[in-house]
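Here is the structure we will look at.
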Amino acid sequence: MAMPPPCRLLRASSFAAVCVSLTVAGHVGVSQEAVPWAAAGIGGLGVLGVAWLLAGHERSAVTILAGLLGGQFGLHVLFAAVQCGGAAGHAGHGSGVPETVSGGAGMTLAHLVAAAVSAWWLWRGERLAWALARRVAAFSLRAVLALLEAAPLPRRPVVGGWRAPCVRVRAALLRHSVGLRSPPRPVFALL
């Protein structure tokens with residue numbers, strides 16, 4: 001069952017908001033420098049695009065965690081590039097290009113914890129949302145079936161004054177038949 005676009009947008013935007021906000025909070029907490037709003041917006045649009053593609057069906061906790069880890073890594077690289085763009089470095093990153101991407105153990109731990117906590121939170125919300133959707137669908141189906149059972153069937157009007165005699169077709173066909181429920185006799189089987 002494909003999900004309608006408004007529901008996909010709602011799921012994707014909630015995923016992107018959680019991913020970006022936790023990444024920004026973790027990044028600022030460890031690096032002690034602000035992330036520019038433009039970088040957070042560009043990163044958010046990127047995560048929203050990927051989440052839109054994946055938001056068509058219910059996802060498992062592992063899939064959500066993998067998506068969040070990928071989002072955390074991509075956003076970390078973006079934020080580190082924007083923050084370090086020409087500067088000597090900052091507390092969470094150091095001064096070299098390889099350390100800019102890695103960020104040290106503190107930055108890695110902050111992103112892993114943010115991804116794990118938000119994956120658990122989003123997975124729980126996803127389970128509850130899908131359970132609610134299934135219950136609403138089941139209730140709607142029962143309501144429609146109850147209305148169809150309660151509605152009287154329309155009768156066909158008789159056209160003209162002449163009516164054909166009511167004959168049961170099955171009874172008329174079976175009236176002159178003989179039912180033999182055994183194998184054929186050996187005499188007839190040889191012929």
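Among the residues making up the stretch 24-50, those that are assigned to a helix (DSSP H, G or I), over 23 Å from the mean Cα position of the chain (by Cα) and β-branched (Val, Ile, Thr) are Val24, Val28, Val30, Ile42. Among the residues of the stretch 41-56, just one is surrounded by 21 or more Cβ atoms within 10 Å (Cβ to Cβ) and more than 17 Å from Leu122 (Cα to Cα), namely Gly43.
Taken over the stretch 60-80, the criterion of being over 13 Å from Ala114 (Cα atoms) and either out of contact with any Leu (no Cβ under 9 Å at 6 or more places or on another chain) or among the hydrophobic types (A, V, I, L, M, F, W, C) (or both) is satisfied by Ser60, Ala61, Val62, Gly74, Val77, Leu78, Phe79, Ala80. Applying the selection to the stretch 25-40, what residues are open to solvent by less than 40 Å² (accessible area, probe 1.4 Å) and either among the small types (Gly, Ala, Ser) or within 22 Å of Leu9 (Cβ to Cβ) (or both)? The answer is Gly26, Ser31, Ala39, Ala40. Restricting Leu109, Leu141 to residues that are surrounded by 10 or more Cβ atoms within 10 Å (Cβ to Cβ), at pLDDT 85 or above, part of a helix (DSSP H, G or I) and of a type in the set (A, V, I, L, M) narrows the list to Leu141. Report yes if some residue within the stretch 97-104 is modelled with pLDDT of 80 or more, in a helix (DSSP H, G or I), open to solvent by less than 100 Å² (accessible area, probe 1.4 Å) and within 30 Å of Gly44 (Cα to Cα); otherwise report no. Checked against the condition, which is being modelled with pLDDT of 80 or more, in a helix (DSSP H, G or I), open to solvent by less than 100 Å² (accessible area, probe 1.4 Å) and within 30 Å of Gly44 (Cα to Cα), the stretch 97-104 yields no hits at all. Within the stretch 8-44, being over 15 Å from Val77 (Cα atoms), of a type in the set (A, V, I, L, M, F, W, C) and in contact (Cβ under 8 Å) with a residue 12 or more places away in the chain holds for Leu9, Ala12, Phe15, Ala16, Ala17, Val18. Kindly establish whether Arg59 is open to solvent by 60 Å² or more (accessible area, probe 1.4 Å), closer than 14 Å to Glu126 by Cα, in contact with a helix residue (DSSP H, G or I) (Cβ under 9 Å, 6 or more places away or on another chain) and not small (Gly, Ala, Ser). Considered against the rule, which asks whether it is open to solvent by 60 Å² or more (accessible area, probe 1.4 Å), closer than 14 Å to Glu126 by Cα, in contact with a helix residue (DSSP H, G or I) (Cβ under 9 Å, 6 or more places away or on another chain) and not small (Gly, Ala, Ser), Arg59 comes out as yes.
The values are calculated or read from the model by the stated rules, or taken from the named source; none is laboratory data. Quick caveat, the model's predicted, so the values are computed rather than measured. Counting neighbours? That spans all protein chains shown, and the Cβs are built from the backbone with ideal geometry, glycine included. Surface accessibility is based on the protein's heavy atoms, side chains included, excluding ligands, DNA and RNA. Shrake-Rupley method; radii C 1.70, N 1.55, O 1.52, S 1.80 Å.
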